[in-house]
Amino acid sequence: MKTVQILFVVLAQAAIISTQAQDQNDLMLAKYHKIYSEKIGEDREIYISVPEKYEKSGKKYPVLYMMDREFNATPGLIGSIRYLEFLSQTPEFIVVGIKNTNRDKDIYPVEVTYRDGTKAGGRAVQYLSFISDELIPFINKTYRTEDLRIFR
């Protein structure tokens, strides 16, 4: 229970900090990559943060994939994750933040029409294929990863 309380406080603080550093230039805890996806037909920006001891350890790490990078994989949240690792409250993770281009297209498998006539959705299946067939292999090839993956 204490771990849950600590995590809640840290995540609340991360939300406040992240509002102060939304620009991609402020994301100093991660490396920037742009990869082209054949599955969704566009470039996707990804941000990868490795544990502090990654370069020296030689070990493999689980991967935390964060959708909505602009909201979820912010400097405040990544810093909070690294702090929890330091406190031994969570295992060390490679954090991958995936930036959205059009979230509405990616979350619905079929196209939906809203009351006002606007449309959204239609490529969730392709988006999931991008993650499983393109992004995960890229991360596994580029970084030392375990088979454990968490998606948020």
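The values are calculated or read from the model by the stated rules, or taken from the named source; none is laboratory data. These numbers were taken from a predicted model, which means no experiment stands behind them. All Cβ positions, glycine included, derive from the backbone under ideal geometry; neighbour counts span all protein chains shown.
Structure above, values below:
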{"item": "Residue check, Gly122 surrounded by fewer than 18 Cβ atoms within 10 Å (Cβ to Cβ) and either touching a Phe, Trp or Tyr at 6+ places or on another chain (Cβ under 8 Å) or closer than 20 Å to Phe151 by Cα (or both)", "result": "yes"}
{"item": "Residue check, Gly41 under 28 Å from Val125 (Cβ atoms), exposed (fewer than 14 other Cβ atoms within 10 Å of the Cβ) and not acidic (Asp, Glu)", "result": "yes"}
{"item": "Residues within the range 139-152 that are surrounded by 15 or more Cβ atoms within 10 Å (Cβ to Cβ) and not in a strand (DSSP E or B), tallied", "result": "3"}
{"item": "Lone qualifier among Arg149, Arg144, Arg82, Arg115 - being touching a Gly at 6+ places or on another chain (Cβ under 8 Å), among the basic types (Lys, Arg) and farther than 21 Å from Asp43 by Cβ", "result": "Arg144"}
{"item": "Subset tally (residues that are farther than 29 Å from Pro91 by Cβ and in contact with a Lys or Arg (Cβ under 8 Å, 6 or more places away or on another chain)) for the range 125-152", "result": "1"}
{"item": "Considering residues of the range 87-105 that are in contact with a Lys or Arg (Cβ under 6 Å, 6 or more places away or on another chain) and closer than 21 Å to Ile150 by Cα only, the residue surrounded by the most Cβ atoms within 10 Å (Cβ to Cβ)", "result": "Gly97"}
{"item": "Of all residues in the range 100-143 being free of Cβ contacts under 8 Å to residues at least 12 places away in the same chain and among the hydrophobic types (A, V, I, L, M, F, W, C), the one that is nearest to Glu55 (Cα to Cα)", "result": "Leu128"}
{"item": "Strands (runs of 3 or more DSSP E) wholly inside the range 39-124 that include at least 2 residues being at pLDDT 90 or above", "result": "42-49, 61-66, 94-98"}
{"item": "Residue check for Ser129: surrounded by fewer than 17 Cβ atoms within 10 Å (Cβ to Cβ) and assigned to a loop (DSSP other than H, G, I, E, B)", "result": "no"}
